[in-house]
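Read through the structure below, which is laid out as structure tokens, and then see the notes.
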């Protein structure tokens, strides 16, 4: 292991002193007799991009499911803004500002592109409309100025304006991922968990999407926890990186520290640690 | 006691055979076959047709019916139907078998005659020999049932586990595509599975007939009881299902012995035992908070990637587009408004028997609307809407006749009572998952039918509770308009729900549970709210039906009749409000047309047509109305051109129509993962 990297410590570089927007403490998950996660610590500081990498089956998506509330851990805590939300279901965590996307886009086949963003916006900013619409027929009226502006801006920025009335069933993968990101951002989240947002995209699409993440951090005042198999992209876009292997954190630190970490090289290249690591410096 | 146990064992063995057959079919095909009882009835009736009506001896009659007709029917159903729904959603798979169940019975009666059969023979030669075990009588028919449980279920289980044929079946279950690439002919294997399944159903039918009688009622009751054992086995273990089936029979035998045989209480309790057990199992899991959501039992990712039917429920989503003009450019309100105008004019045109049938049809339309809300909008398979209609009917009747309330408040309270009960049922069952919800609501319906509708206060020796029609419901013409106004009000309420934030939430919950949860939606509470609304509508509809009939009669709300109602709606269109009205009117008018213009022997045709119409959901999930509307729109929309997407120079530089790496559509991707 390289000096200065301690996989056991929950913090990541640059987060000392500040309350992270999202934290997982000593998270363990078992599937039958298999340990999917063992004592995993992770923190996502405010307005940051934290990368989460690891080989297939390392437990990355399982960790995202625990953090988002879709999976209950055997042990451990999840905190949003320092508040323990381990016992809260996924929808209550979402209302505290946690959003996520999925490895295979999870879209609502019965809704249009625009409605994906609308429902997300309303649940966070106009939650009372869930039931009020039924009484005052609010669903038939024009959306609020705030909703219209937010949704229009996001659609325009994502280049989905022309597709806003389309059903999502016929969207290609690239646009499906954009709809997921738009849906996540429409709720003005504090932190977004991105599960392989670049997979399936071609090089140009991938570069365009990854390139916008930094801009979003400032523009939306949001933090990202980014999983992707494109290690180069994750290392180049993240301020801190956590590496999982077989459910255990084997390294954490800055991208440069991760690049030079022997355990990471071994995890990706097996025993051939002498081989050149195909992570660009 | 021993006598009671042995008597119970005979019934238990039949339960075991049925539950084992149902579960093996589910495990090896992914389909919980609601048509199991109908298939068993078909084969048993065919056996009777050969053996008793045409005096064939036992062996050839059994060979031709059980070993010939049964497997042949299975292969036919697989080739014509089940192969198309193998990877479909639970909703479609269940509705297809319900449609099949609804259509097989009338077809059977048309083929073999609608006879009143008192003592159907089994496989034992007549007169049936009776032996004694520890003083308790045991007939040769009963011994044959035990033998078949051991031989058939044990044999099939052993075959699946230890033989090459079993290996073939298991490989096809896991992935048809991979099995095919390994040189296996999956169509043959899957057809074989269905042949064995229908053989087992037929054998169960022939063996059960001497014990439970040869009419469809006890057969469907037998299947419902077998469902209890299947649920106890959590849709996994054939051994547990068979054991629970046997246990249910023994418990029934013992309870029957110690309750007074002539009591009405006994008559209500005995058939309820399996359903009470099923309810206990479900409540136990619900209170333990166990998640019984079923993972796909058949097919792998490759199967779904290459199957055009893998995501066939997505076609339902196409009908979900509720805003904006249709493809033809006409506003979407034109058709429903036109339909309502025609519906309002019809009472002025119709007379005699037709105005009565039409008025009743509009009332049915209201009940059908409850299925549109629950199944069409929410994707929930609730099989007890007819029980809510019954509860609404009895509440309306009791309040208006016994308490003296005016009709409208009585109906509204009837709807509210159903809404509350629906919310409770939903809270207890929804988190268990789709297939369990179907079974739990079926069980709830059967319990209500046996234990509530049979109360002396309500049943009144089969006459039910009277309702007086007067004023705005006095004549059939007035009633038709009254029912139409109720339908329009409820349809507008439903449209308000659809257009609301709650409506969007329901759509989100329906199409992606995890994504809905991670945007802040409570899946349980949203589904419960929708189920409450659906139950409310069913209760109002029940009140209307009872008002039309001038009495709330228990037999009108038999749980299995509700499957026919669902089949009718699905055949016309499960998502459309207009389809609900059309389905209700068709359901009432079509039998009247056959009764008036066609020979009596064709009387079963409407039910068969409704069932076959529901079966078509396998190929056309939208229903016939939506399909034809779409075809018409397609013809009218030839002028329109697709809009050309324009890029935003300040936005993300992603391709609007996807590059080579991202051209896969959601329908294709969904078929990979579901």
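Points worth noting:
- Distance between modelled label sites at residue B:110 and residue B:266, nm, 7 Å Cα→Cβ extension: 4.2 nm
- Mean residue ellipticity (222 nm) of the protein assembly as shown, computed from DSSP H runs ≥ 4 via -39,500 (n - 2.57), nearest 500: -17500 deg cm²/dmol
- In this simple spin-label approximation, residue B:333 and residue A:34 carry label points 7 Å from Cα along the Cα→Cβ vector, and these lie 5.5 nm apart.
- In the stretch B:170-217, Rg over Rh equals 1.28, where Rg is the alpha-carbon radius of gyration and Rh the Kirkwood radius from pairwise Cα distances.
- Computed over chain A, Cα set: Rg, Dmax in Å: 19.4, 69
- Start at zero, step by 20 Å, and the Cα-Cα distances of the protein assembly as shown spread as 13, 41, 34, 12, 1 percent across the bins.
- Ellipsoid equivalent to chain B - semi-axes via the Cα gyration tensor, in Å: 40, 34, 24
- In degrees, nearest ten, helix A:145-157 long axis to first principal axis of chain A (Cα): 50 degrees
- Mean separation of Cα contacts under 8 Å, 6 or more apart, over the residue count of the stretch A:63-194: relative contact order %: 38 percent
- Taken over the stretch B:444-511, the alpha-carbon convex hull comes to 153 cubic angstrom per residue.
- Cα-based convex hull volume of the stretch A:40-120 per residue, rounded to whole Å³: 130 Å³
- Axis angle, to the nearest 10 degrees, between helix A:203-220 and the longest C-alpha principal axis of chain A: 80 degrees.
- Each of A:60, B:129, B:477 was scored by other Cβ atoms within 10 Å of its Cβ. Listed from fewest to most, they are B:129, B:477, A:60.
- On Cα atoms only, tilt of A:173-186 relative to the major axis of chain A in degrees: 80 degrees
- Extent along the principal axes, Cα only, for the stretch B:366-511: 45, 34, 21 Å, with the longest axis given first.
- Neighbouring partner chain Cβ atoms per residue of A:158-170, average, 10 Å criterion: 6
- One quarter of the surface of the convex hull around the alpha-carbon atoms of the stretch B:543-617 equals 5.8 nm², the direction-averaged projected area.
- Scattering curve values for the stretch B:141-203, log₁₀ I(q)/I(0), Debye with Cα scatterers, q = 0.20, 0.22 Å⁻¹: -0.78, -0.89
- Taking only Cα atoms of the stretch A:152-281, radius of gyration then Dmax in Å: 16.8, 54
- Remark on the stretch B:351-422: ratio of C-alpha radius of gyration to 2.2 N^0.38 Å is 1.25.
- Our summary gives chain B a relative contact order of 22 percent, counting only alpha carbon pairs under 8 angstrom and 6 or more residues apart.
- Computed over the stretch B:90-162: relative contact order in percent, which uses C-alpha pairs under 8 Å that are six or more apart: 16 percent
- Ranked list, fewest to most other Cβ atoms within 10 Å of each Cβ, for A:95, B:185, A:183: B:185, A:95, A:183
- Average projection, convex hull of the Cα set of the stretch B:484-573: 7.2 square nanometres.
- Remark on the stretch B:9-132: hydrodynamic radius 16.0 angstrom, per the Kirkwood mean of 1/r across alpha carbon pairs.
- Zone residues, the stretch A:107-134, relative to residue A:95, backbone N less than 14 Å from point 7 Å out along Cα-to-Cβ: A:122-132
- Counting beta carbons within 10 Å around each of B:19, B:52 and listing the fewest first gives the order B:52, B:19.
Read-outs throughout are calculated quantities, based only on the coordinates presented, and are distinct from any laboratory measurement. What you see is a predicted model, and the numbers here were worked out from it, not measured in a lab. All Cβ positions, glycine included, derive from the backbone under ideal geometry; neighbour counts span all protein chains shown.
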